[in-house]
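Trainee: Mind looking over this structure? Questions follow.
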Amino acid sequence: MFPLTTGLSVGRFQPFHLGHLEAVKYILTQVDDLVIVVGSAQHSHTMEDPFTAGERITMIRLALKEAGVDSNRYLVMPLPDAEFHKVWVAHLLSQTPEFQVAFTNESLTGRLLKEARLKVVKIPFYHRDTYTATEVRKRMLNNGDWEALLPKKVAAYLKRIGGVERMRDLSVSDKTI
């Protein structure tokens, strides 16, 4: 019997969009299990990070369930930022289950993991010109078709929690400071 291979993927998921979903599905073709880390878990209610860690975890779980991904194959967990980049990997390793390979396209995350001698693999981008959380947030603010960029259950969840209204309130708050 072969040992299980566990992968790790870190993201802010602000919000979790179809590009993220395709990345998770790809990673699960490469490993047996996946630890999905919701990074910057302490941040919310800002223009860059409008959603809480709990909301982001809910989005991921809804999207993966909608896509038919076996919930026994992944774990979603929050991780607050470490104060210094130099200790971030130790912080990550102390808070996550053991993994053999990390998947990321984010240059700083990849650099820090490689410096710690961990195996890092890039993820194929899925229509990167369209599927970005920045684009979703921009469309939410400008009455664009943001729902087309998200799994249906995530779009419905964001409507239910007033995600668009939150983004608009945050944009007004940021302009008055």
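The values are calculated or read from the model by the stated rules, or taken from the named source; none is laboratory data. Source: prediction; values computed, not measured. All Cβ positions, glycine included, derive from the backbone under ideal geometry; neighbour counts span all protein chains shown. Please note that ligands, DNA and RNA were not included when accessible areas were found on the heavy atoms of the full protein model with its side chains. Shrake-Rupley method; radii C 1.70, N 1.55, O 1.52, S 1.80 Å.
Trainee: Give the number of residues within region 29-49 that are more than 20 Å from LEU112 (Cα to Cα) and in contact with a Lys or Arg (Cβ under 6 Å, 6 or more places away or on another chain). Explain how you work it out, then say what you get.
Mentor: Step one: of region 29-49, the residues more than 20 Å from LEU112 (Cα to Cα) are 29-33, 42-49.
Checking the rest, the ones that are also in contact with a Lys or Arg (Cβ under 6 Å, 6 or more places away or on another chain) come to 33.
So the count comes out to 1.
Trainee: Residues in region 124-143 that are within 27 Å of GLN30 (Cα to Cα) and charged (D, E, K, R): how many? Walk me through it before giving the result.
Mentor: Step one: of region 124-143, the residues within 27 Å of GLN30 (Cα to Cα) are 124-133.
Retained after the next criterion (residues that are charged (D, E, K, R)): 128-129.
So the answer is 2.
Trainee: Counting only residues that are assigned to a strand (DSSP E or B) and within 19 Å of TYR131 (Cβ to Cβ), which one in region 1-33 is most open to solvent (accessible area, probe 1.4 Å)?
Mentor: Taking region 1-33 first, the residues assigned to a strand (DSSP E or B) are 6-11, 33.
Restricting the remaining residues to those that are within 19 Å of TYR131 (Cβ to Cβ) gives 9-11.
Numbers: SER9: 13, VAL10: 38, GLY11: 15 Å².
By that ranking, first place goes to VAL10.
Trainee: Within region 121-142, identify whether any single residue is of a type outside the set (Lys, Arg) and in contact with a strand residue (DSSP E or B) (Cβ under 7 Å, 6 or more places away or on another chain), and answer yes or no.
Mentor: Of all residues in region 121-142, those of a type outside the set (Lys, Arg) come to 121, 123-127, 129-136, 140-142.
From what is left, the residues that are in contact with a strand residue (DSSP E or B) (Cβ under 7 Å, 6 or more places away or on another chain) are 121, 123.
For region 121-142, residues of a type outside the set (Lys, Arg) and in contact with a strand residue (DSSP E or B) (Cβ under 7 Å, 6 or more places away or on another chain): present.
Trainee: Considering only region 63-77, I want to know if a residue exists there that is open to solvent by less than 40 Å² (accessible area, probe 1.4 Å) and over 23 Å from PRO124 (Cβ atoms). Quick ask: steps written out before the conclusion?
Mentor: Taking region 63-77 first, the residues open to solvent by less than 40 Å² (accessible area, probe 1.4 Å) are 63-64, 69, 74, 76-77.
The next check asks that each one be over 23 Å from PRO124 (Cβ atoms); those that pass are 77.
Scanning region 63-77, I find at least one residue that is open to solvent by less than 40 Å² (accessible area, probe 1.4 Å) and over 23 Å from PRO124 (Cβ atoms), so the answer is yes.
Trainee: Could you say which residue among ALA90, ALA82, ALA102 is at pLDDT 95 or above, of a type outside the set (Lys, Arg) and either on the phi > 0 side of the Ramachandran plot or surrounded by fewer than 18 Cβ atoms within 10 Å (Cβ to Cβ) (or both)?
Mentor: Numbers: ALA82 fails: at pLDDT 95 or above; ALA102 fails: either on the phi > 0 side of the Ramachandran plot or surrounded by fewer than 18 Cβ atoms within 10 Å (Cβ to Cβ) (or both).
That would be ALA90, the only listed residue that is at pLDDT 95 or above, of a type outside the set (Lys, Arg) and either on the phi > 0 side of the Ramachandran plot or surrounded by fewer than 18 Cβ atoms within 10 Å (Cβ to Cβ) (or both).
Trainee: Now, a different point. Looking at (1) farther than 20 Å from GLU66 by Cα; (2) of a type outside the set (S, T, N, Q); (3) within 12 Å of the chain's Cα centre (by Cα), which is the only condition GLY7 fails?
Mentor: Looking at each condition in turn, GLY7 falls short on (3).
Trainee: Find the residue count for region 105-151, including only residues that are among the hydroxyl-bearing types (Ser, Thr, Tyr), under 21 Å from TYR74 (Cα atoms) and crowded, with 17+ Cβ neighbours inside 10 Å.
Mentor: From region 105-151, those among the hydroxyl-bearing types (Ser, Thr, Tyr) are 107, 109, 126, 130-132, 134; that's our starting set.
Restricting the remaining residues to those that are under 21 Å from TYR74 (Cα atoms) gives 109, 126.
Okay, now just the ones that are also crowded, with 17+ Cβ neighbours inside 10 Å, so 109.
Here the count works out to 1.
Trainee: Among (1) in a loop (DSSP other than H, G, I, E, B); (2) open to solvent by 20 Å² or more (accessible area, probe 1.4 Å); (3) not hydrophobic (A, V, I, L, M, F, W, C), there is one condition PRO50 misses while meeting the rest; what is its number?
Mentor: (2)
Trainee: Something else: Would you mention how many residues in region 157-170 are more than 19 Å from PHE13 (Cα to Cα) and open to solvent by less than 20 Å² (accessible area, probe 1.4 Å)?
Mentor: The number of residues fulfilling the criteria is 0.
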